[in-house]
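Any read-out appearing in this document is the output of simple, stated calculations on the displayed coordinates, not a laboratory observation. Given the structure is predicted, the values throughout are model-derived calculations rather than measurements. Every residue, glycine as well, gets a Cβ built from its backbone with ideal geometry; the counts of neighbours run over all protein chains shown.
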Amino acid sequence: MHAVYFLRSLIFYAGYASAVLIFGGIGCLVAPWLTLRRRYWFLTRFNYFVLWWSRVACGIRYQLEGAEHIPPQPCVVLSNHESAWETYYLATLFVPQSTVLKKELLSIPVFGWALRRLHPIAIDRQRPTHALKQLVQQGKTRLENGSWVMIFPEGTRVRPGKTAKFNKGGALLAHQAGVPILPVAHTAGVCWPAGSVTKYPGLIRVRIGPLITGEGLSRDEMHERAEQWIRTAMAELKQDSQG
């Protein structure tokens, strides 16, 4: 069966690459004449295509829980990071969105050029102190302008069963900007493993938790509550999937 999954994955990537060229190329041409919201709407059609095409080509489905916790106003969203899948899906859930990412991604031909048009917060991981200041300064501006700020506190994709330290940048931004944290957990790595070409059919579960407000809490306390909720939810989702 692994050979079948690998073949289906190659078919997926053929369609994926074509979509990058089409959406990215057109996006780079028309984006300068569109408002940020219209630009975001157009470029995230690519995300919807990826979600649909991964279901058709690879059998990857998804289920959302806790949508009632999403507030009407943008805030800081923290999520575990297991694959590329969640970056596509969460961009359709929190609109418009400014994602914190490594600046190298913006240099990828076509894909990175289009991504730059969505006003992400591109940080230099080689300069952590500067990156933190950049996150807070640009994050506040994005929130004030009506964009959600999406942060993957692990900083890199982590395979299921592995753990990585959660950085405190998201909690610092939320605390200083006076907005809550919305925690998210998911099981995307089971179907779309980091560092692997092969995709596997199955159900990705996404769970959104209650808001974590900064009222009466320090930055560290907000961080600890968010990390605890995400790690607990990840364990529960994994256990439910195995059961």
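With contacts taken as Cα pairs under 8 Å and at least 6 residues apart, the stretch 89-218 reaches a relative contact order of 19 percent.
Note on residue 220 and residue 17: the model spin-label points, each 7 Å out from Cα along the C-beta direction, lie 5.0 nm apart. The sum of -39500 (n - 2.57) across all DSSP H runs of n ≥ 4, divided by the residue count of the chain, sets its helix-only mean residue ellipticity at 222 nm to -15500 deg cm²/dmol.
Hey, got the dipole for the stretch 178-243? About the Cα centre, +1 on K and R Cβ, -1 on D and E Cβ, debye to the nearest 20?
Values: 7 positive and 7 negative charges, 73 e Å.
Charge dipole, the stretch 178-243, about its Cα centre: 340 debye, nearest 20.
Let me know the shape class of the stretch 132-243, please: from the alpha-carbon gyration tensor, a ≥ b ≥ c as square roots of the eigenvalues, rounded when a/c is under 1.5, otherwise prolate if a/b is greater than b/c, or oblate. Verdict is prolate for the stretch 132-243.
Fewest-first ordering of 102, 168 by other beta carbons within 10 Å of each residue's beta carbon gives 102, 168.
Order by neighbour count: 6, 12, fewest other Cβ atoms within 10 Å first, most last.
Working: 6 13, 12 21.
Sorted ascending by nearby Cβ count, the order is 6, 12.
Averaging Cα coordinates gives a centre for the stretch 177-243 and one for the stretch 61-134; these two points are 15 Å apart.
When the dipole is taken about the Cα centre of the chain, and only Lys, Arg (+1) and Asp, Glu (-1) are charged at their Cβ, what size is it in debye, to the nearest 20? Value, rounded to 20: 700 debye.
Exceeding 29 Å between C-alpha atoms, which entries from my cross-link table qualify? They are 140/162; 140/238; 103/162. Result: 140/162; 140/238 exceed 29 Å.
What is the sum of charges around residue 74, taking Lys and Arg as +1, Asp and Glu as -1, for the other residues whose C-beta is under 13 Å from the C-beta of residue 74?
Values: positive: 37, 140, 142; negative: 144.
Neighbourhood net charge equals +2.
On the beta carbon distance between residue 10 and residue 36, with R0 = 35 Å, the FRET formula returns roughly 0.50. In percent, rounded to a whole number, the relative contact order of the chain is 26, using alpha-carbon pairs under 8 Å and six or more apart. Listed by Cβ neighbour count within 10 Å, with the fewest neighbours leading, 144, 82, 215 appear as 215, 144, 82.
Using DSSP, restrict attention to beta bridges with both residues in the chain and report what percent are antiparallel, rounded to the nearest 5. Kindly include the intermediate steps, with their values, before the conclusion.
Working: 4 of 23 bridges.
Approximately 15 percent, going by the DSSP bridge assignments.
Between the residues 216, 6, 177, the greatest Cα displacement towards the positive end of the dipole of the chain, with unit charges on the Cβ of Lys, Arg, Asp and Glu, is found for 6. Under the membrane-span-like helix rule (DSSP H runs whose alpha carbons stretch at least 27 Å along the helix axis, mean Kyte-Doolittle hydropathy -0.5 or higher), the chain yields 2-30.
With the cut-off at under 15 Å, measuring from each backbone N in the stretch 130-174 to a point 7 Å along the Cα-to-Cβ line of residue 124 picks out 130-135.
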